[in-house]
Protein chains: 2
Amino acid sequence: MLGKTSEYAIRALVYVYIQNLEGKRPGFKEIAKKIDSPEQFTAKVLQNLTRAKLISSMKGRGGGFFFDHPATPLTLYEIIRVVEGEVFFSKCGFGLKRCDSENPCPLHEDYSPVREGFLKAVKNQTIQALANKINERKAVLTRL
Amino acid sequence: MLGKTSEYAIRALVYVYIQNLEGKRPGFKEIAKKIDSPEQFTAKVLQNLTRAKLISSMKGRGGGFFFDHPATPLTLYEIIRVVEGEVFFSKCGFGLKRCDSENPCPLHEDYSPVREGFLKAVKNQTIQALANKINERKAVLTRL
DNA sequence: ATATAAAAAGACATGTATATCTTTTTATAA
DNA sequence: TTATAAAAAGATATACATGTCTTTTTATAT
Ligand code: FES
Ligand code: FES
């Protein structure tokens, strides 16, 4: 479904948020280790998220990544939009140039509800909520 | 969601089925033109579908692609499984190595129903049903 | 038999996502 | 002010999906 870049982005942000709660600002090496992702590639992903203002960073000693406004909910939708692009949410499942319910492809009737379900899920899920599940031991951040 | 290869595969099979109903066996050039896909790449896709026995082909004059048993429903699930591989249907949405509802990622609760909805849709939809929608002018095969 | 038409096969090319390596910039600590 | 630590940036590499070109095989029509 999502590309690896989006997966790393979401996992990285969850980890950063959890660390921020402890008053820490993790760097990309620590993040990559904890979310089991390639170090340098994760640095690039975080760089893009920083450019897109989804997260902030500080250079130099004691630097790292952090949320400027940790209380403001960050939805997965906003992250995926930045990483994959807006069209990701409206693509025709049959491969036509656009999805058009007035002139649908033969998959539209069955596919568009699935796509809307996905959209609803990522618009309602936030980094904060995912992080809480992990802190409450209701979910895991990585798997062996 | 699906890769272009799967999209071409599904559209191509729908077109072949429709033509078979008219007693014709289209070749890859005609198919590619009608489903708006790259000619040679479509040939490769059809070659793979033939190898996987989802469709049959005949070489030489008057040859082309056709269904051996047009009445046997062919689900999109079977096509996607051949093209994208079985794991496509069970991937963890958070990017963990496996999806495990006993030890879930924080997205599992919201993501797995979407994934199951997709699975159900492609297991219930068939090439025959899609083709019928097009023949009944309830859906289109291509878009400008 | 020969010419023709078509898929199959193999080789090659391009594009995009993913991944790594090196150098530069910037902030902090000593 | 110098050394150090960290992100940013740039260049390069690899893998895989996508796409094209050429040659071979095979069936049919003449
Ligand atoms: S037209 Fe294809 S999914 Fe809407
Ligand atoms: S464990 Fe991640 S989707 Fe099931």
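None of the figures in this text is laboratory data; all of them are computed from the coordinates on show. As the structure is a prediction and not an experimental result, all values here were calculated from the model. All Cβ positions, glycine included, derive from the backbone under ideal geometry; neighbour counts span all protein chains shown.
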Next item on the list: Among the GluC sites (Glu not before Pro) in region B:1-72, which ones are in a DSSP loop with at most 15 other Cβ atoms within 10 Å of the Cβ? Mind listing them?
Entry: B:Glu22
Margin query: Using the Karplus curve 6.51 cos²θ - 1.76 cosθ + 1.60 with θ = phi - 60°, what ³J(HN,Hα) values do you get for each residue of region A:59-64, in whole Hz, with x for Gly and Pro?
Written below: 7, x, 3, x, x, x
Next item on the list: Shortest first and in nm with one decimal, please list how far the A:Asp36 label point sits from its counterparts in the other copies (point 7 Å along Cα→Cβ).
Entry: 4.2
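At 0.36 nm per residue, and after removing the present C-alpha to C-alpha distance, how many nm does the segment from B:Asn135 to B:Lys24 gain when stretched out fully?
Working: separation 111, 0.36 × 111 = 39.96 nm, distance 1.54 nm.
Computed gain between B:Asn135 and B:Lys24 is 38.4 nm.
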Item checked: Cys with no candidate disulfide partner in chain B (beta-carbon separation under 4.7 Å rule) -> B:Cys105
Notebook entry, point to check: What FRET efficiency would be calculated for the residue pair B:Lys120, A:Lys44, taking the C-beta separation as r and a Förster radius of 35 Å, to the nearest 0.05?
Noted result: 0.40
Item checked: Estimated 222 nm signal from helices in chain B, with DSSP H stretches of n ≥ 4 weighted -39500 (n - 2.57), rounded to 500 -> -16000 deg cm²/dmol
Item checked: GluC sites (Glu not before Pro) within region A:88-144: DSSP coil, no more than 10 neighbouring Cβ in 10 Å -> A:Glu102, A:Glu136
Notebook entry, point to check: Between region B:33-109 and region A:1-77, what is the C-alpha centre distance in whole Å?
Noted result: 36
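Report, as an integer, the average count of C-beta atoms from other chains found within 10 Å of each Cβ along A:1-7.
Other-chain Cβ atoms within 10 Å of each residue's Cβ, averaged: 4.
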Note to self: Tell me which trypsin sites (Lys or Arg not before Pro) from region B:68-138 have a DSSP coil assignment and no more than 14 other beta carbons within 10 Å of their own.
What the structure shows: B:Lys97, B:Arg98, B:Arg137, B:Lys138
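Per-residue Cβ counts within 10 Å, from other chains only, averaged over B:84-96: what number is that?
Mean shielding by partner chains, rounded to a whole number: 4.
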Margin query: I need the Kirkwood Rh of region A:59-144: take the reciprocal of the average 1/r across all distinct C-alpha pairs and report it in angstrom.
Written below: 15.8
Item checked: Cα-derived Rg over Rh, computed across region A:4-135 with Rh taken as Kirkwood radius -> 1.07
